[in-house]
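The values are calculated or read from the model by the stated rules, or taken from the named source; none is laboratory data. Every value quoted in this text rests on a predicted model; they were computed, and no experiment measured them. Cβ sites come from the backbone with ideal geometry, for glycine too, and all protein chains shown count toward neighbours. Accessible surface areas use protein heavy atoms only, side chains included; no ligands, DNA or RNA. Shrake-Rupley method; radii C 1.70, N 1.55, O 1.52, S 1.80 Å.
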Amino acid sequence: MPIDLASAHDIAHVLTEALPYIRRFSGKTIVVKYGGNAMKDDTMIASFARDIVLMKLVGMNPVVVHGAGPQIGSHLERLGKKSEFVEGMRVTDDETMEVVEMMLGGLVNKAVVAAINQQGGRAVGLTGKDGSMIRARKMTLSSGQDIGQVGEVEKIDPRVITHLEAGGFIPVIAPIGVGEHGEAFNINADVAAGKLAAVLQAEKIMFLTNAAGVLDKAGAVLTGLTVQEVEDLIADGTISGGMVPKVRYALDSVNSGVRNAVIIDGRVEHAVLLELFTDAGVGTLIRG
């Protein structure tokens, strides 16, 4: 059946709109933080995987850092263990750390890898313990409260990632760090992604979350923000609640040398491609 000319025109327009972005990002590293809330069904996972594979095929170097918060919480609940958070960090005792390693470094990591490979990519799953990639130390809160095996990034050795990129592979990283004595630490995925993007001198970091982005007081998405504009929006209360730490992680990335950061809604099908390859984008861009 002949293609409808109007539809053909629309397709051609989309492709030509993408061309300058493909040129711009070709050969560049882009870190994508993939949140557990964006993995809630097979359709969403497959959409994300296709986006990542296409990025690689047109010459970009995507590096995926994923979380697994909802999955860890659900498994703990099945074990009769209640999740506890302090200052946004999951309290991680020995039993919880076992679940974190099983879900984050095992089931979820392998599911993301499998989804990318099923779409024709060549993904390799890692945790920060592999090659001592993410060296961590125990996090100390200002309150002095002990939250267990929660870590903060001490140092990142990116060599395993650069070797995989050079070989045409897509690194998929679970944010589990390793301590001085080989102990495992649970690291916030947003923090790990931001630190990794800075070390890799990534062109862009993308935080996929379960919100449309930063909203103004009328509910419209704000974008093209400078670091100072973001600070002002936090100060006047426009950015509040759970969006504040997300934005702070994005700011840290930009202040550490990443060219720009974007917060996008991971629940939107093909959100990564829409943000990368269209003039409008689909989230909040923060530029250095």
Notebook entry, point to check: Are any of the pairs Lys56/Lys138; Lys138/Lys195; Lys155/Lys246; Lys33/Lys56; Lys56/Lys155 more than 25 Å apart by Cα-Cα distance, and if so, which?
Noted result: Lys56/Lys138; Lys56/Lys155
Check: Per the Debye formula with a single identical scatterer at each Cα and no solvent contribution, what log10 I(q)/I(0) holds for the chain at q = 0.09, 0.10, 0.16, 0.17 Å⁻¹?
Finding: -0.42, -0.52, -1.34, -1.50
Notebook entry, point to check: Where does each of 197-207, 174-184 land if you order them by average Cβ count within 10 Å, highest first?
Noted result: 197-207, 174-184
Next item on the list: Quantify, in whole percent, the carbon and sulfur part of the accessible surface of the chain (1.4 Å probe; protein heavy atoms only).
Entry: 54 percent
Notebook entry, point to check: Does region 129-285 come out rounded, prolate or oblate, given a ≥ b ≥ c as the square roots of the eigenvalues of its C-alpha gyration tensor, rounded meaning a/c under 1.5 and, failing that, prolate meaning a/b above b/c?
Noted result: oblate
Next item on the list: Determine the shape class of region 17-149: with a ≥ b ≥ c the square roots of the Cα gyration tensor eigenvalues, call it rounded for a/c under 1.5, and otherwise prolate if a/b is greater than b/c, oblate otherwise.
Entry: prolate
Check: Using the Cβ atoms and a cut-off under 12 Å, what net charge is assigned to the surroundings of Val227, where Lys and Arg are +1 and Asp and Glu are -1?
Finding: -2
Checklist line | Mean separation of Cα contacts under 8 Å (6+ apart) over length of the chain, as relative contact order % | finding: 22 percent
Next item on the list: Count charges around Leu141 for me, please; just the other residues with Cβ under 12 Å from its Cβ, Lys/Arg as +1, Asp/Glu as -1.
Entry: -2
Check: When ligands, DNA and RNA are left out and all protein chains stay put, how many square angstrom of accessible area per residue does the chain have with a 1.4 Å probe?
Finding: 47 Å²
Check: What shape does region 79-180 have by the C-alpha gyration tensor, where a ≥ b ≥ c are the square roots of the eigenvalues, rounded means a/c under 1.5, and otherwise prolate means a/b greater than b/c and oblate the rest?
Finding: oblate
Note to self: Suppose a student asked you for the relative contact order of region 151-288, using Cα pairs under 8 Å spaced at least 6 residues apart; what percent would you report?
What the structure shows: 26 percent
Margin query: So for each of 50-56, 215-221, 91-97 I average, over its residues, the number of other beta carbons within 10 Å; can you give me the resulting order with the highest mean first?
Written below: 50-56, 91-97, 215-221
Check: So how much slack lies between Val58 and His270, counting 0.36 nm per residue of separation and subtracting their Cα-Cα distance, in nm?
Finding: 74.7 nm
Check: Where in the chain are the DSSP H helices whose C-alpha atoms run 24 Å or more along the long axis and whose mean Kyte hydropathy is at least -0.5?
Finding: 5-25
